[in-house]
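These notes concern the structure reproduced below.
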Amino acid sequence: MRKLSDPFLATLKSGFLSGITRTVVADPDLNLEIRDDYINVYCKGASLLKLTETAGARYKVEIHPKFTAGLDAPAELVDPETTARFLACVPQLKQNIAALGKRSLEIEYEQMLIRANNFEPRNNSEYFIVDRQYAVAAGRFDLIGVFWDRRRRRRNQEVPMCLMELKCALNQDIADVGGQLARYYEAVKP
């Protein structure tokens, strides 16, 4: 189950890690996803940061080495100073990801779709995307979310889950999208 401990969540909301949360909210190139006891911050679909709670109020920083060349990124975030050091690296990390990251329009479009769908104020979408690259034993779903019919919205309403597959015309997997969707259905059917 994807969740964070209460102290980790509180530190992201209002503690010394809250600068990370504010940075992600303010930057349309970044996306934060909750994983099993850690978070990932993505840029252009690549992991800019994997942050895992270790012991007490200590958080292990993991960044792909090809993105950190020449940077003084801390190995752990333990206080406002180490968090500020990490945040000072974010602009260069983003540039390194743009220059050295894996070129995949599909994963970049996933992130753009989440941002446009969930955060654009004028977009009254009926879909709310809650995660990307969601892995289960039967496979990995590009996007998962919920459908909330705007004509019938009300509080405390149950809404159906949606599994979304994103394909770009240049992706060779598009030829087997029917088979992929059938496997998704088999994985979740009642």
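Things worth noting here:
- Here N96, N156 are screened, and the one residue that is at pLDDT 85 or above and at positive phi is N156.
- Within the stretch 86-190, strands (runs of 3 or more DSSP E) holding 1 or more residues that are surrounded by 12 or more Cβ atoms within 10 Å (Cβ to Cβ), in contact (Cβ under 8 Å) with a residue 60 or more places away in the chain and not assigned by TED's automatic domain parsing to the domain that holds G19: 127-136
- One residue stands out among those in the stretch 50-85 that are among the hydroxyl-bearing types (S, T, Y) and under 21 Å from E33 (Cβ atoms): the one that is surrounded by the most Cβ atoms within 10 Å (Cβ to Cβ), which is Y59.
- Check on K66, more than 13 Å from the chain's Cα centre (by Cα), farther than 18 Å from E81 by Cα and part of a helix (DSSP H, G or I): yes
- Residue match in the stretch 13-28 (condition: over 14 Å from the mean Cα position of the chain (by Cα), buried (at least 21 other Cβ atoms within 10 Å of the Cβ) and at pLDDT 95 or above): yes
- Residues in the stretch 1-29 that are under 20 Å from P91 (Cβ atoms) and touching a Lys or Arg at 6+ places or on another chain (Cβ under 8 Å): T21, P28, D29.
- Within the set E186, E110, the sole residue that is charged (D, E, K, R) and more than 18 Å from the chain's Cα centre (by Cα) turns out to be E186.
- Options A46, A69, A88; residue that is touching a His at 6+ places or on another chain (Cβ under 8 Å) and of a type outside the set (V, I, T): A46
The values are calculated or read from the model by the stated rules, or taken from the named source; none is laboratory data. Because the structure is a prediction, the values reported are computed rather than measured. So basically every Cβ, Gly included, is an ideal-geometry build from the backbone, and we count neighbours across all protein chains shown.
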